[in-house]
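Accompanying notes for the structure given below.
The values are calculated or read from the model by the stated rules, or taken from the named source; none is laboratory data. Keep in mind that what you see is a predicted model, and the values were worked out from it rather than measured. Ideal geometry is used to build each Cβ from the backbone, glycine not excepted, and the neighbour counts take in all protein chains shown.
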Amino acid sequence: MWGKKKKWESVENMGSSLFSIWLSLVIVLHLLFSTSSSSSTTTTLDQERDKINELPGQPTNIGFNQYSGYITVNQKAGRALFYWLVELDSSQSSTTTTPPLVLWLNGGPGCSSVGYGAAEEIGPFRIHPDGKTLFVNPYSWNKVANVLFLDSPAGVGFSYSNTTSDLYTSGDQRTAEDAYTFLLNWLERFPQYKHRDFYITGESYAGHYVPQLSQIVYERNKGIQNPILNFKGFMVGNAVIDDFHDYVGTFEYWWTMGLISDATYQNLNIHCDLEVAEHPSDECNKAFDIAELEQGNIDPYSIFTPTCDATVSTRRNLRSLRIRNLLRSRHLRLSLNYDPCTEKHSTVYFNLPEVQKALHANVTGVSYPWETCSDIITDHWNDSPRSMLPIYQELIAAGLRIWVFSGDTDSVVPVTATRYSLDALNLSTLIKWYPWYDNGKVGGWSQVYNGLTFVAVKGAGHEVPLHRPQQALTMFKSFLENKPMPHLRAI
């Protein structure tokens with residue numbers, strides 16, 4: 001009897017233990033479900049809060065969603081970066097694959113990706129001269145991808161910092177780190193973009209931003225089987241790459257295009273070749289002074305097109321640091337029908353209170369106006385490495401997709417500067433220099449290297465998608481498809 005009773009007690013205790021385990025599992029699952037549900041609800045609410053219902057003056061019946069707002073990248077300093085996401089235009093896209101996420105960065109340093117990239121280059125809308133209404137850009141890059149514009153670093157465009165000293169201590173390294181933190185935090189708000197093919201693009205001084213951010217993403221993805229930032233490669237246009245070769249190519253372009261005298265060409269090569277582009281010597285600055293006078297009242301970002309007379313004097317005064325004009329992305333150019341005052345229209349539009357409200361921007365209510373570029377950021381830029389070539393070499397060896405493009409009428413970071421910089425990589429050629437075609441006409445020229453593709457765009461200035469929007473979209477499609485530029489003339 002004792003033995004049977006002991007056995008029964010043992011069975012009873014076992015049942016009690018199993019019940020306790022079951023109850024614990026139920027509680028844990030409930031907590032997990034509740035936490036997940038709560039997190040999912042928070043994410044949904046955050047996205048909904050950032051959704052743009054309609055921009056003032058926006059055309060009706062668009063086939064895509066837009067979101068904009070702030071992502072904090074440094075809680076202690078109060079640094080928050082402003083973004084604008086334009087999702088794939090499903091009404092015109094025929095793709096059956098999952099569309100990638102593409103980040104666009106403008107340079108300067110100190111210029112707004114919203115003011116340039118989104119408003120006058122690859123975004124879905126352009127701004128009418130009234131500064132109040134928008135019209136559709138038929139060559140927007142959201143025809144084939146989800147495009148994310150980022151104002152970077154803090155202090156640029158709508159991005160801000162609660163620590164004033166941040167505006168005077170910006171540089172390449174912090175900009176790259178903050179952009180990486182932004183991406184990670186942004187993906188928590190938009191988890192549907194985790195693990196999706198991801199590319200980084202940009203122009204001008206983003207020739208630093210893009211490869212530097214690419215390097216961080218690549219190196220921190222090492223050893224991760226399925227990274228949330230599924231980084232595939234980068235593309236940059238009229239990009240600052242290597243100070244020495246950029247200078248050599250820029251001065252040569254000025255001279256061969258007849259913009260400067262023989263004497264000035266010689267002085268520039270003597271006093272500037274070995275300079276750090278962001279911090280030139282007094283002698284180099286003097287040579288730039290003379291070059292400016294000799295070039296006259298032209299638009300250096302597009303040497304064959306008219307300037308916007310209403311802003312010429314202001315623009316020339318802001319070029320007092322000379323090199324600022326060589327590197328920054330502040331420009332006055334043409335739109336689809338050639339309007340050299342697009343920057344002026346952007347300045348009007350993004351200062352409208354109703355526009356800022358629709359964009360969920362300027363939440364701190366600053367008293368000063370929105371500007372396309374921040375002079376404070378530009379004038380106090382700190383670290384700026386001489387060359388991006390070591391990063392190119394690392395990422396080429398890693399097998400990432402790398403494209404570099406150049407508008408051939410830009411005298412700020414001209415095609416010759418880019419070609420000298422790329423030649424310094426000593427890459428072998430896979431496809432020799434050839435003309436590429438768009439709608440039966442030569443769109444430019446291209447050369448495919450082992451690990452990098454170079455594309456020249458005929459007749460385009462510093463902002464290639466602004467001057468040649470159709471050709472730029474053709475190029476972007478080729479980049480995403482990882483195919484060379486079309487080399488056969490359509491019959």
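In this structure, does GLY157 turn out to be assigned to a loop (DSSP other than H, G, I, E, B), within 16 Å of VAL464 (Cα to Cα), in contact with a strand residue (DSSP E or B) (Cβ under 7 Å, 6 or more places away or on another chain) and modelled with pLDDT of 95 or more? No: the conditions fail for GLY157. State whether one or more residues within the range 359-368 are at pLDDT 95 or above and out of contact with any Ser or Thr (no Cβ under 8 Å at 6 or more places or on another chain). Checking the range 359-368: not a single residue is at pLDDT 95 or above and out of contact with any Ser or Thr (no Cβ under 8 Å at 6 or more places or on another chain).
The set of residues in the range 364-379 being within 14 Å of THR164 (Cα to Cα) and either under 23 Å from the mean Cα position of the chain (by Cα) or crowded, with 19+ Cβ neighbours inside 10 Å (or both) consists of SER374, ILE376, ILE377.
Looking at GLY157, GLY171, which one is touching a Phe, Trp or Tyr at 6+ places or on another chain (Cβ under 7 Å) and closer than 22 Å to ARG386 by Cα? Steps first, please.
Values: GLY157 fails: closer than 22 Å to ARG386 by Cα.
Result of the check over GLY157, GLY171: GLY171.
Scanning the range 453-483 for residues that are touching a helix residue (DSSP H, G or I) at 6+ places or on another chain (Cβ under 7 Å), surrounded by fewer than 21 Cβ atoms within 10 Å (Cβ to Cβ) and not hydrophobic (A, V, I, L, M, F, W, C) yields a total of 1.
The residue that is surrounded by the fewest Cβ atoms within 10 Å (Cβ to Cβ), counting only those in the range 43-61 that are in contact with a Ser or Thr (Cβ under 8 Å, 6 or more places away or on another chain) and within 18 Å of ASN146 (Cβ to Cβ), is ILE52. Restricting attention to the range 432-452, the residues that are surrounded by 17 or more Cβ atoms within 10 Å (Cβ to Cβ) and in contact with a helix residue (DSSP H, G or I) (Cβ under 8 Å, 6 or more places away or on another chain) total 6.
For every residue, the table says whether it meets (1) in a strand (DSSP E or B); (2) of a type in the set (Val, Ile, Thr); (3) surrounded by fewer than 24 Cβ atoms within 10 Å (Cβ to Cβ).
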{"position": "TYR67", "(1), (2), (3)": "yes, no, yes"}
{"position": "TYR70", "(1), (2), (3)": "yes, no, yes"}
{"position": "ALA77", "(1), (2), (3)": "no, no, yes"}
{"position": "LEU81", "(1), (2), (3)": "yes, no, no"}
{"position": "SER91", "(1), (2), (3)": "no, no, yes"}
{"position": "THR98", "(1), (2), (3)": "no, yes, yes"}
{"position": "TYR116", "(1), (2), (3)": "no, no, no"}
{"position": "ALA119", "(1), (2), (3)": "no, no, no"}
{"position": "PHE135", "(1), (2), (3)": "yes, no, yes"}
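Selection of the range 27-64 for residues being among the aliphatic types (A, V, I, L, M) and either part of a helix (DSSP H, G or I) or at pLDDT below 65 (or both) yields ILE27, VAL28, LEU29, LEU31, LEU32, LEU45.
In the range 252-272, the residues that are part of a helix (DSSP H, G or I) reach residues that are at pLDDT 95 or above and polar (S, T, N, Q) with C-beta atoms within less than 8 angstrom, at least six apart or across chains, in these pairs: GLU252/THR416; TYR253/SER411; TYR253/THR416; TRP254/GLN295; TRP254/SER411; THR256/THR416.
To keep it simple, each residue is scored yes or no on (1) part of a loop (DSSP other than H, G, I, E, B); (2) outside the structural domain of SER204 (by TED's automatic domain parsing).
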{"residue": "TRP445", "(1), (2)": "no, no"}
{"residue": "GLY459", "(1), (2)": "yes, no"}
{"residue": "HIS462", "(1), (2)": "yes, no"}
{"residue": "PRO465", "(1), (2)": "no, no"}
{"residue": "PHE476", "(1), (2)": "no, no"}
{"residue": "LEU488", "(1), (2)": "yes, yes"}
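So if I check each of LYS232, LYS286, which one is surrounded by fewer than 22 Cβ atoms within 10 Å (Cβ to Cβ), touching a strand residue (DSSP E or B) at 6+ places or on another chain (Cβ under 6 Å) and over 19 Å from PRO414 (Cα atoms)? I'd like the intermediate steps shown before the answer.
On the way: LYS286 fails: touching a strand residue (DSSP E or B) at 6+ places or on another chain (Cβ under 6 Å).
Criteria check complete, one pass: LYS232.
Per the conditions (1) outside any strand (DSSP E or B); (2) surrounded by fewer than 19 Cβ atoms within 10 Å (Cβ to Cβ); (3) among the charged types (D, E, K, R), the sole criterion not satisfied by ASP410 is (2). Restricting SER165, SER214 to residues that are buried (at least 23 other Cβ atoms within 10 Å of the Cβ), modelled with pLDDT of 95 or more, small (Gly, Ala, Ser) and assigned by TED's automatic domain parsing to the domain that holds LEU88 narrows the list to SER214.
Just to be sure before I move on: is THR181 part of a helix (DSSP H, G or I), in the same structural domain as THR98 (by TED's automatic domain parsing), in contact with a strand residue (DSSP E or B) (Cβ under 6 Å, 6 or more places away or on another chain) and not small (Gly, Ala, Ser) in the structure I sent? Steps first, please.
Numbers: part of a helix (DSSP H, G or I): yes; in the same structural domain as THR98 (by TED's automatic domain parsing): yes; in contact with a strand residue (DSSP E or B) (Cβ under 6 Å, 6 or more places away or on another chain): yes; not small (Gly, Ala, Ser): yes.
The answer is yes for THR181.
The single condition among (1) part of a helix (DSSP H, G or I); (2) in contact (Cβ under 8 Å) with a residue 12 or more places away in the chain that PRO390 does not satisfy is (2).
Hey, any hits in the range 375-397 for a residue that's of a type in the set (Lys, Arg) and modelled with pLDDT of 95 or more? Walk me through how you get there before you give the answer.
Of the residues in the range 375-397, the ones of a type in the set (Lys, Arg) are 386.
Narrowing the set further to residues that are modelled with pLDDT of 95 or more leaves none.
No, the conditions are met nowhere in the range 375-397.
Taken together, the residues in the range 279-296 that are more than 18 Å from GLY258 (Cβ to Cβ), at pLDDT 90 or above and part of a loop (DSSP other than H, G, I, E, B) amount to 0. Of the residues in the range 184-218, how many are assigned to a helix (DSSP H, G or I) and either free of Cβ contacts under 8 Å to residues at least 12 places away in the same chain or of a type in the set (Lys, Arg) (or both)? Total meeting the criteria: 2. Tally up the residues in the range 188-203 that are hydroxyl-bearing (Ser, Thr, Tyr) and out of contact with any Gly (no Cβ under 7 Å at 6 or more places or on another chain), please. Qualifying residue count for the region: 2.
ARG419 falls short on exactly one of the conditions (1) touching a strand residue (DSSP E or B) at 6+ places or on another chain (Cβ under 7 Å); (2) assigned to a helix (DSSP H, G or I); (3) charged (D, E, K, R), and that condition is (1).
Residues that are without any contact (Cβ under 8 Å) to a residue 24 or more places away in the chain and within 19 Å of VAL136 (Cβ to Cβ) within the range 68-94 comprise just one, SER94.
Checking the conditions here, which among GLN212, GLN225 is under 28 Å from PRO465 (Cα atoms) and out of contact with any Phe, Trp or Tyr (no Cβ under 7 Å at 6 or more places or on another chain)?
GLN212
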